[in-house]
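For reference, the structure discussed in these notes is given below.
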Amino acid sequence: MEQISQLRRAGLFEARAPRYTSYPPATQFGPGVDGDMVEGWMAAVPPGAAVSLYVHVPFCKRLCWFCACRTQGTQSLAPVAAYVDTLLAELRQMRRRLPQGVVLSRLHWGGGTPSLLSPLLVRRLAGAILDAFPMAPGGEFSVEIDPTEIDAPRMAALAEAGMTRASIGVQDFDPLIQEAIGRPQSFALTAEAVRLIRDHGIAGLNADILYGLPHQTGARMAETVQQLLALSPDRVALYGYAHVPWMSKRQVMIPEATLPDGEARLALFDTARALFLQDGFGQIGIDHFAKPHDRLALAAERGRLRRNFQGYTDDGAEVLLGLGASSISRYPQGFAQNAPATGVYVGAVRAGRVPVTRGHAFRAEDGWRGRMIEALMCDFRIDMTEIRDRFGLSLDVQAQVYAPLLRRFAPVVVQEGTILRITPEGQPMTRLVAQALDGYAAAEGSHSSAV
């Protein structure tokens, strides 16, 4: 009860904050980054570098009401095939602009629903990517799988293309909740998708579920988690549902009166968290859980956990290339986002231009602020000597940066020598603590609930 009182006094249950999958958050991106600038960033990538590649497939045969991702509906593969043609054109242009010898440490297909690609389209896309950028030793190829949109031929094509990790969306198994979010998906159908994944030799299995959904209760959350555990995933992302109807118009289909409040959301998270820990998962950062053998768990144990647009990762690549409409690239010099509208994106690629419409060029203090925030999000602690040695920021200057944060969040944020730490009781406030280190002022309404 004392923890709840502390969190309530800190304003956690009413606050909104970025998820900090990037710093600065994408809400701070603007038109100051253009194609000419990004061409220079590409040319500066070291020859032979290992990079990550994210491919965005925006198409879905059903548009789930809860989703705030950049997607569009389709009932045929014709527009998907045309889009793949554009992806391949952008890929060829990207390859010409990058130095020789670039290889992939990670390849991820997201969306949307990448698993709606036909076997032929899977082979075309994967073949072209790996011809342009071979996979580095130990590299990982992951694909987001919609259990309602996968079958044996498509799974076989993905496995043959080299997929090593599948990520399935579950959200919640309760039929009432599925109806409320426009996502019918039975446990039996999901279990069949998992069987296909395992039968095709895919070693890694991720699953995503949500808390904070309409009609969710502790009992319903516990039942969903127990059903999910029966599928034996290696890694689980337990995301808080972000109700942002001003950004995602389809969310108006979800009545706000059916949504749990901030304190109920935290209770739902704690219910799921306890069950995952009881089943042998370790907590990774603020919202992931992994079995001890999983690469994410090993990275966390060794202090090598990173944060990116897919959440948490063990990928140490300094460059993330985004392919497709709305995808985001990260370079040492800044972020660059492709045009979100598919038509604008296609037009730019066909004209031979880098299809970037906005981004952010890093400023001097973005490096150390971003690293502080990433350290909190990954490890709940900041090593002041690391910040000093890496960025040249003295301990005295850091003390000035941390002073307001220590006053505001005492006693759940403490300094012990040169370590700034969030206590276990204060970890639900991690996004708020990180926000206190954010050098960019953003309206709270542009972000999701902080819990």
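A few points about this structure:
- Residues of segment 174-213 classified as in contact (Cβ under 8 Å) with a residue 40 or more places away in the chain, among the small types (Gly, Ala, Ser) and closer than 26 Å to residue 259 by Cβ, total: 4
- Of all residues in segment 62-85, those satisfying the criterion of being assigned to a loop (DSSP other than H, G, I, E, B) and either on the phi > 0 side of the Ramachandran plot or of a type outside the set (Lys, Arg) (or both) are 63, 64, 65, 66, 67, 68, 69, 71, 74, 75, 76, 77.
- Members of segment 19-61 that are part of a strand (DSSP E or B) and crowded, with 19+ Cβ neighbours inside 10 Å: 50, 51, 52, 53, 54, 55, 56, 57, 59, 60
- Matching residues, segment 183-212, being among the aliphatic types (A, V, I, L, M) and open to solvent by 20 Å² or more (accessible area, probe 1.4 Å): 188, 189, 191, 203
- Single condition residue 442 does not satisfy, out of (1) modelled with pLDDT of 95 or more; (2) in a loop (DSSP other than H, G, I, E, B): (1)
- The number of residues in segment 231-241 that are farther than 17 Å from residue 215 by Cβ and open to solvent by less than 30 Å² (accessible area, probe 1.4 Å) comes to 7.
- Segment 129-155 - residue that is touching a residue at least 24 places away in the same chain (Cβ under 8 Å) and among the acidic types (Asp, Glu) and, of those, farthest from residue 195 (Cα to Cα): 140
- Here is the figure for segment 399-430: residues that are among the small types (Gly, Ala, Ser), modelled with pLDDT of 95 or more and open to solvent by less than 10 Å² (accessible area, probe 1.4 Å) total 0.
- Pick from segment 131-163, criterion open to solvent by 10 Å² or more (accessible area, probe 1.4 Å) and under 18 Å from the mean Cα position of the chain (by Cα), ranking: nearest to residue 200 (Cα to Cα): 142
- Subset of segment 164-176 [within 23 Å of the chain's Cα centre (by Cα) and not in a strand (DSSP E or B)]: 164, 172, 173
- Filtered residue count, segment 66-113, keeping only those that are closer than 18 Å to residue 343 by Cβ, surrounded by 15 or more Cβ atoms within 10 Å (Cβ to Cβ), without any contact (Cβ under 8 Å) to a residue 60 or more places away in the chain and among the polar types (S, T, N, Q): 2
- Only one of 280, 285, 311 that is closer than 14 Å to residue 236 by Cα, modelled with pLDDT under 95, assigned by the TED database to the domain that holds residue 244 and small (Gly, Ala, Ser): 311
- Among the candidates 391, 380, 409, residue that is under 19 Å from residue 240 (Cβ atoms) and not assigned by the TED database to the domain that holds residue 35: 380
- Residue match in segment 96-108 (condition: modelled with pLDDT of 95 or more and in contact with a helix residue (DSSP H, G or I) (Cβ under 6 Å, 6 or more places away or on another chain)): yes
- Residue list for segment 214-256, filter: without any contact (Cβ under 8 Å) to a residue 12 or more places away in the chain and closer than 27 Å to residue 72 by Cα: 245, 249, 252
- Only one of the listed residues (273, 330, 307) is farther than 17 Å from residue 25 by Cα and not hydrophobic (A, V, I, L, M, F, W, C). That residue is 273.
- Search result, residues across segment 180-231 that are among the aromatic types (Phe, Trp, Tyr) and either at pLDDT below 95 or outside any helix (DSSP H, G or I) (or both): 211
The values are calculated or read from the model by the stated rules, or taken from the named source; none is laboratory data. This one's a predicted model, so the numbers in the text were calculated from it and none came from an experiment. In this analysis, Cβ positions are derived from the backbone assuming ideal geometry, glycine residues included, and neighbour counts consider all displayed protein chains. For the accessible areas, the whole protein counts, side chains as well, though only heavy atoms, and no ligand, DNA or RNA atoms are used. Shrake-Rupley method; radii C 1.70, N 1.55, O 1.52, S 1.80 Å.
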